[in-house]
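Colleague: Right, I'll just put the structure down here and ask away after.
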Amino acid sequence: MKKPRRLDALIVGAGFAGLYMLHKLRQDGFTTQVVEKGSGVGGTWFWNRYPGARCDIPSIEYSYSFDAELEAEWRWSERYAAQPEILRYLEHVAERFDLRRDIALQTLVTSARWQEEEGRWLVETDGGDAYDVQFLILATGALSEPKQPDIPGLENFEGQVLHSAMWDDSADLAGKNVCHFGTGSTGIQVVGEVAKVAKRLTVFQRTPNFAVPAGNHPLPQDYLEDLLPRYPELRERARTSPLGWFHGAWEGSAKADDPEAREKRLEKAWKAGTTGLLQAYEDLLFDEESNSYAADFARRKIAELVDDPETARKLTPHGYPMGSRRLCTEVNFYEAMNRDNVALVDVREEPVVDVTARSVKAEKGEYPADVIILATGFDACVGAIKAIDIRGRDGRSIRDEWDNGPRAYLGLAVEGFPNMFTITGPGSPSVLSNVVVSIEQHVEWVARCTAHMRSAGQQVIEATAEAETAWMEHAHEVAHSTLFPRASSWYQGHTKDGRQVFMPYVGGVGAYRAKCDEVAAKGYEGFLMESSTTMRTKDAVAS
Ligand code: FAD
Ligand code: NAP
């Protein structure tokens, strides 16, 4: 290990969160550095280069709001920008705010140890660099640790294996036999594009998802010009809304509506794109009967869009409320399912039994493969944090601490792990919101907290066990007042003994922001702080 570099704060990750955190802390005069394992900035948008990758929240909303000049100068070309454009945007942000000089790329943080006597973290990286820092800020992403599926015989495959979240740009799928696993938001995007070029594409699906048409289109420049003066008002609306979007759900209850009016409204919502269908009535995520009207509507759409009734049957979701698993957005997915070169295998009806050098064998058939695509998702919310060997007070390991499900006060701080902040951590709205809005809120809250500590002469901050428990109980209670926990999904973490624990906070972005602001206004209620003086006093008593 090299001699540790001494800084005020180390930020792990150079996605939307890490870049803004760096800018904010530098503005406040802290010495700081970002470390990023990738060879470029951008996080999600650096790694997920698969064909069809794009956001599904309109780009004018899914972008930073902290700088009016940045907003004014950047022109999105489409309603939902594709991955290369979002990556260009983040690279532009890195240049514009001169962030690169404080970003170490291709550097993986492997461990972090709390140094009790100093009240600081010792952080180590794979290249042997070390950092001695007051604050450790984990901007490691809620969807950044790719999940490798358990497919029997995969190790025997001699063709190319591509994971969507580690996509190799040079992969050429034209004229190839492709076997594809996963039909979540990612898989649905991949299939729509790969079907157009592959010789034969076999899609292995485990759980069918609801998918709505994206309704993507180019953005006329005059539209952006006209919108610009309204940005401040719209951004403020997003910050105080339930999901971090400009517009909230349409008023009313689906079950209370007249059937004809309901059908018309659902049709309009379907055409509005992406999450529109979930916004058709304000009770869709709370009331099972209301939800069933929207879900049945979406099921009828699948039957209309997919020609072969057997394929449509396999693609039709049942057994969970619509929206309780992430609603997907499709561009050419159902269209792809109608192509002669595409086949769908339901692995629950026909399990995969083996992978050979050039094929995937399922119970009822063998499917040729030059390439296998894994769009099998992420170890969500906790994976990237648990991948680091983090030891807090008394050597406590975050991996062990979260064995019974993750816990964090406000999704921001963990008891036993002082001076460590998690951006969009478990227990925060994060992945159940427009994530950029949630990131900005977290970054600004952390910056306010660190600035407060400096001016108040405080050295150490730590969430109390009581505040953390109360927050997790509240988050659990709110989740169980909705339909979200009715599905098995990646929103749910697992305890050691297999129990499901709902991870994001569903109480709403606006309500959550108000709570965080209140905590700060009350002198960081639920946290304990120690000044360097109290630390010295303790040391003196101990010695
Ligand atoms: P990330 O962008 O994931 O960045 C985290 C970074 O930390 C990564 O670059 C990673 O390499 C790095 N890192 C992690 N661990 C370490 C370590 N130990 N050492 C060094 N570096 C490390 N959200 C929306 O709101 N709307 C969307 O439309 C949307 N679309 C998405 C599409 C895809 C394909 C995916 C996967 C996610 C999407 N999301 C979307 C969620 C998306 O992850 C967030 O919106 C946002 O980009 C997260 O930013 P972040 O900075 O928090 O994390
Ligand atoms: P995901 O939603 O977790 O989907 C993973 C898929 O892989 C699921 O269909 C899963 O089936 C399947 N799978 C896993 N192991 C399998 C196996 N052994 N055999 C067959 N299938 C298997 O992951 P994701 O699609 O990458 O999306 C994650 C999140 O990222 C999204 O929910 C969203 O928040 C974000 N995202 C957004 C966009 C966008 O449009 N903006 C695009 C991509 C991602 P089961 O469901 O049965 O587990």
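Colleague: Write out the GluC sites (Glu not before Pro) in the stretch 205-260 meeting two conditions: DSSP loop, and at most 11 other Cβ atoms within 10 Å of their Cβ.
Modeller: Details: sites: 225, 233, 236, 251, 260; in loops: 251.
Passing sites in the stretch 205-260 are 251.
Colleague: Another question, then. How would the chain be classified by its alpha-carbon gyration tensor: rounded, prolate or oblate, with rounded meaning a/c under 1.5 and the a/b versus b/c comparison settling the rest?
Modeller: On the way: a/c = 1.70, a/b = 1.44, b/c = 1.18.
The shape class here is prolate.
Colleague: For the residues 483, 19, what sequence is obtained by ranking on other C-beta atoms within 10 Å, fewest first?
Modeller: Details: 483 22, 19 29.
The order, fewest Cβ neighbours first, is 483, 19.
Colleague: Okay, moving on. Any idea what angle helix 532-542 forms with the longest principal axis of the chain, computed on alpha-carbon atoms, 0 to 90 degrees, nearest 10?
Modeller: Result, in degrees: 70.
Colleague: Rg and Dmax of the stretch 377-466 over Cα atoms: what are they, in angstrom?
Modeller: 13.5, 43
Colleague: Quick check on the stretch 194-248: take the gyration tensor over C-alpha atoms, sort the square-rooted eigenvalues as a ≥ b ≥ c, and tell me if it's rounded (a/c under 1.5), prolate or oblate.
Modeller: On the way: a/c = 5.18, a/b = 1.86, b/c = 2.78.
Verdict is oblate for the stretch 194-248.
Colleague: Now for a separate question. With 10 angstrom as the radius, rank 164, 488, 455, 241 by how many other C-beta atoms surround their C-beta, starting from the fewest. Present the calculation step by step, with values, prior to reporting the outcome.
Modeller: Details: 164 27, 488 13, 455 8, 241 19.
Sorted ascending by nearby Cβ count, the order is 455, 488, 241, 164.
Colleague: Multiply the residue separation of residue 364 and residue 111 by 0.36 nm, subtract the distance between their alpha-carbon atoms, and state the gained length in nm to one decimal. Could the numbers behind the result be given before it?
Modeller: Values: separation 253, 0.36 × 253 = 91.08 nm, distance 4.63 nm.
Result: 86.4 nm gained on full extension.
Colleague: Let me ask you something else. Please list, by residue number, every one of the trypsin sites (Lys or Arg not before Pro) in the stretch 383-433 that is coil in DSSP and has at most 16 other beta-carbon atoms within 10 Å. Show your work: numbers first, answer last.
Modeller: Values: sites: 386, 391, 393, 396, 399, 407; in loops: 396, 407.
Those satisfying the criteria are 396.
Colleague: A further question follows. Would you list which lysines come within 22 Å of residue 301, measuring only between C-alpha atoms, while excluding same-chain residues fewer than 8 positions from it?
Modeller: Partners within reach: 255, 264, 268, 271, 314.
Colleague: Could you work out [θ]222 nm for the chain from helices alone, using -39500 (n - 2.57) per DSSP H run of at least four and dividing by all its residues? Round to the nearest 500 deg cm²/dmol.
Modeller: Numbers: 17 runs with 177 residues, N = 543.
After summing the helix terms and dividing by residue count, I get -9500 deg cm²/dmol.
Colleague: Below 10 angstrom from the Cβ of residue 189, what's the summed charge of the other residues (Lys, Arg +1; Asp, Glu -1)?
Modeller: Details: positive: 54; negative: 56, 193, 330.
Combined, the nearby Lys, Arg, Asp and Glu give -2.
Colleague: Using only the Cα atoms of the stretch 35-153, build the gyration tensor, take square roots of its eigenvalues as a ≥ b ≥ c, and label the shape rounded, prolate or oblate: rounded if a/c is under 1.5, else prolate if a/b is larger than b/c, else oblate.
Modeller: It comes out oblate by the Cα gyration axes.
Colleague: Looking at the stretch 317-376, which GluC sites (Glu not before Pro) are DSSP coil and have at most 11 other C-beta atoms within 10 Å of their C-beta?
Modeller: On the way: sites: 330, 335, 349, 363, 366; in loops: 349, 363.
For GluC sites (Glu not before Pro) across the stretch 317-376 that sit outside H, G, I, E and B with at most 11 neighbouring Cβ atoms in 10 Å, the list reads 349, 363.
Colleague: Tell me, 196, 314 in order of fewest to most beta-carbon neighbours within 10 Å? Write down the numbers at each step before the final one.
Modeller: Values: 196 17, 314 20.
If I rank by nearby Cβ atoms, fewest first, I get 196, 314.
Colleague: Against the 2.2 N^0.38 Å scaling, with N counting residues, where does the stretch 408-543 land? I'd like the Cα-based Rg ratio to two decimal places.
Modeller: 1.16
Colleague: How would you order 21-28, 434-441 from highest to lowest mean count of nearby Cβ atoms within 10 Å? Don't jump to the answer; show the numbers that get you there.
Modeller: Working: 21-28: 20.9, 434-441: 24.4.
Result, highest mean first: 434-441, 21-28.
Every number here is computed from the coordinates shown, using simple stated rules; none is lab data. This structure is a prediction, so every number in the text was calculated from the model and none was measured. All Cβ positions, glycine included, derive from the backbone under ideal geometry; neighbour counts span all protein chains shown.
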